[in-house]
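Report on the following structure.
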Amino acid sequence: MLEIQRAAGRKQRGKEMAKVYKKTSGNGSLTLYLGRRDFVDHVDSVDLVDGVLKIDPAELGDRKVWVQLACAFRYGRDDLDVIGLSFRKDIWIQHLQMYPPTGSSSPSTPMQEVLLKKAGDQGYPFVFNVPVNLPCSVTLQPGPDDKGKPCGVDFEVKAYIAKEADDPDEQVEKKDTCRLIIRKIQFAPDEMGTGPKANISKQFMMSDKPVHLEASLEKEIYYHGDSIPVLVKINNETNKVVKKIKITIDQTTDVVLYSADKYTKNVLAEEFGETVEANATFEKTLHITPLLANNKEKRGLALDGRLKEEDTNLASTTMLRPGMDKEVLGILVSYKIKINLMVSRGGILGDLTASDVSVELPLILMHPKPAATKRNFFFYLIHCFPTRRCVRTAANWSKSLHLVNLRH
């Protein structure tokens, strides 16, 4: 029975890993194949964007086939484009001529070996090297009535038929193109620093002693969806009463590419009915969890790049490398936690004279680094294409991992 369950599990994993992303042009001449749509920024390098383009040259005539990878910042909807004015700015773009071929048509990554099996004899592999200084994919959450592509930073692989790669006078028809949106994502580092700590002492009128507030986090980075424990310590030396504790998380989005826009949106606000009487102390860990599910209606909230209607999450914190040009990043995202005490005299009229005591902590939200998938990838090759050639290919590629990053 156990062996049957294991075999079923292996079959299911093979099906999951066999997923191929495919898009065909309107005229049927081009078909774009990608083995994945998430590409990882490892800080010192970025995963190769490797794919295969199937080309039927029957109707090309004197035109050529190109494939391009573009990183662009979209700051307006498509339906707002008027008299040739586009609300889109290309941050980085690269073109490759695919047909007539200009170089070797042999695959350069193991993923292309798999994709060429799908594409057949008319398949041509391509590889893009993504610079490390480009931003990660970020989407600004649209409002309920917004239409078209959302604003934000996106990456797009596009194949098209044209005489030149980028001739502004040449009109490329929609039926001669096919495109797939991909995401550039970043994972939390293996080593994390110590969590931040902040404290404050505040004195009030009619009281010669202060309220001491200290707040801290256990670690520097937290993962999306995880509960965040906030340790709160209060030493109330006054004759006043701490009536409640409120914890909020704000997301600050800094749009640096085309203007100096910076705006803050609240993504969490929770009140805790903890009271601290006069001349008393308090120490407790309070748990909070910021989730996109509780912020679906907030227009302009920064999210991790979205593929079609797939669910996503709050945008990950932007990690800046030393010497990096902020303007190239397009959108910078950061978070802060605010711990606020409402201190009052107590009694019926106490709330009318209440005062606040607050501290702020920086918060870094990121995705955890997934487990290594090298073994699963070669299992996929052998499972889906169980030929001697493919087994040899898997073995050869395992000896030359320096050519391609398989950490994703």
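Would you check if M324 is under 18 Å from the mean Cα position of the chain (by Cα), open to solvent by 10 Å² or more (accessible area, probe 1.4 Å), at pLDDT below 90 and within 29 Å of Q141 (Cα to Cα)? Walk me through how you get there before you give the answer.
Working: under 18 Å from the mean Cα position of the chain (by Cα): no; open to solvent by 10 Å² or more (accessible area, probe 1.4 Å): yes; at pLDDT below 90: yes; within 29 Å of Q141 (Cα to Cα): yes.
Spelling it out, it is not the case that M324 is under 18 Å from the mean Cα position of the chain (by Cα), open to solvent by 10 Å² or more (accessible area, probe 1.4 Å), at pLDDT below 90 and within 29 Å of Q141 (Cα to Cα).
Residue-wise test of (1) closer than 30 Å to N133 by Cβ; (2) open to solvent by less than 30 Å² (accessible area, probe 1.4 Å); (3) in a loop (DSSP other than H, G, I, E, B).
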position: G28; (1), (2), (3): no, no, yes
position: T31; (1), (2), (3): no, yes, no
position: R36; (1), (2), (3): yes, no, yes
position: V40; (1), (2), (3): yes, yes, no
position: V52; (1), (2), (3): yes, yes, no
position: D62; (1), (2), (3): no, no, yes
position: V65; (1), (2), (3): yes, yes, no
position: Q68; (1), (2), (3): yes, yes, no
position: F73; (1), (2), (3): yes, yes, no
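For K175, only one of the following conditions fails: (1) in contact with a Phe, Trp or Tyr (Cβ under 7 Å, 6 or more places away or on another chain); (2) assigned to a helix (DSSP H, G or I). What is its number?
K175 satisfies every listed condition except (1).
Does segment 212-221 include one or more residues that are within 27 Å of L291 (Cα to Cα) and of a type in the set (S, T, Y)?
We begin by selecting, within segment 212-221, every residue within 27 Å of L291 (Cα to Cα); these are 213-221.
The next check asks that each one be of a type in the set (S, T, Y); those that pass are 216.
There is at least one residue in segment 212-221 that is within 27 Å of L291 (Cα to Cα) and of a type in the set (S, T, Y).
Please indicate, with yes or no, whether at least one residue in segment 267-283 is more than 25 Å from L341 (Cβ to Cβ) and open to solvent by less than 50 Å² (accessible area, probe 1.4 Å).
We begin by selecting, within segment 267-283, every residue more than 25 Å from L341 (Cβ to Cβ); these are none.
Looking through segment 267-283, none of the residues is more than 25 Å from L341 (Cβ to Cβ) and open to solvent by less than 50 Å² (accessible area, probe 1.4 Å).
Give me the pairs: first residue in segment 337-362 and farther than 20 Å from N279 by Cα and among the acidic types (D, E), second residue part of a strand (DSSP E or B) and at pLDDT 90 or above, beta-carbon distance under 7 Å, and six or more apart or on different chains, which are they?
What qualifies is E360/A198; E360/K336; E360/I337; E360/K338.
Can you name every residue in segment 191-222 that is buried (at least 17 other Cβ atoms within 10 Å of the Cβ) and either in contact with a His (Cβ under 7 Å, 6 or more places away or on another chain) or among the hydroxyl-bearing types (S, T, Y) (or both)?
Selection gives S216, Y222.
Give just the number: which of (1) more than 19 Å from the chain's Cα centre (by Cα); (2) at pLDDT 95 or above; (3) among the polar types (S, T, N, Q) does Q251 not satisfy?
Of (1) more than 19 Å from the chain's Cα centre (by Cα); (2) at pLDDT 95 or above; (3) among the polar types (S, T, N, Q), only one is false for Q251: (1).
Say we look at segment 333-377 and pick out the residues that are assigned to a strand (DSSP E or B) and exposed (fewer than 15 other Cβ atoms within 10 Å of the Cβ); which of these is modelled with the lowest pLDDT?
Taking segment 333-377 and keeping what is assigned to a strand (DSSP E or B), we get 333-344, 355-367.
Keeping just the survivors that are exposed (fewer than 15 other Cβ atoms within 10 Å of the Cβ) gives 355-356, 362.
Values: S355: 81, D356: 89, P362: 96.
For segment 333-377, the residue satisfying everything is S355.
Looking at this structure, is V114 surrounded by 12 or more Cβ atoms within 10 Å (Cβ to Cβ) and either among the polar types (S, T, N, Q) or closer than 26 Å to H367 by Cα (or both)? I'd like the intermediate steps shown before the answer.
Working: surrounded by 12 or more Cβ atoms within 10 Å (Cβ to Cβ): yes; either among the polar types (S, T, N, Q) or closer than 26 Å to H367 by Cα (or both): no.
In short, no.
Here are S104, S86, S108: which of them is more than 20 Å from Q186 (Cβ to Cβ), modelled with pLDDT under 85 and surrounded by 15 or more Cβ atoms within 10 Å (Cβ to Cβ)?
Numbers: S104 fails: surrounded by 15 or more Cβ atoms within 10 Å (Cβ to Cβ); S86 fails: surrounded by 15 or more Cβ atoms within 10 Å (Cβ to Cβ).
None of the other options fit; the residue is S108.
Got at least one residue in segment 122-134 being at pLDDT below 80, surrounded by fewer than 14 Cβ atoms within 10 Å (Cβ to Cβ) and of a type in the set (A, V, I, L, M)?
First, the residues of segment 122-134 that are at pLDDT below 80: none.
No.
Of I185, I234, I249, I245, which residue is in contact (Cβ under 8 Å) with a residue 24 or more places away in the chain, in contact with a Cys (Cβ under 7 Å, 6 or more places away or on another chain), open to solvent by less than 60 Å² (accessible area, probe 1.4 Å) and not basic (K, R)?
Working: I234 fails: in contact with a Cys (Cβ under 7 Å, 6 or more places away or on another chain); I249 fails: in contact with a Cys (Cβ under 7 Å, 6 or more places away or on another chain); I245 fails: in contact with a Cys (Cβ under 7 Å, 6 or more places away or on another chain).
Sole residue among the options that is in contact (Cβ under 8 Å) with a residue 24 or more places away in the chain, in contact with a Cys (Cβ under 7 Å, 6 or more places away or on another chain), open to solvent by less than 60 Å² (accessible area, probe 1.4 Å) and not basic (K, R): I185.
Select from segment 137-158 the residues that are in contact with a Ser or Thr (Cβ under 7 Å, 6 or more places away or on another chain) and closer than 20 Å to D50 by Cα and write down the one among them that is modelled with the lowest pLDDT.
Checked segment 137-158; the qualifying residue modelled with the lowest pLDDT is D154.
The values are calculated or read from the model by the stated rules, or taken from the named source; none is laboratory data. Everything quoted here is computed from the prediction, not taken from an experiment. Quick reminder, even Gly has a Cβ in these numbers, built from the backbone with ideal geometry, and neighbours come from all protein chains shown. Each accessible area value is taken on the protein alone, full model and side chains, heavy atoms only, with ligands, DNA and RNA left out. Shrake-Rupley method; radii C 1.70, N 1.55, O 1.52, S 1.80 Å.
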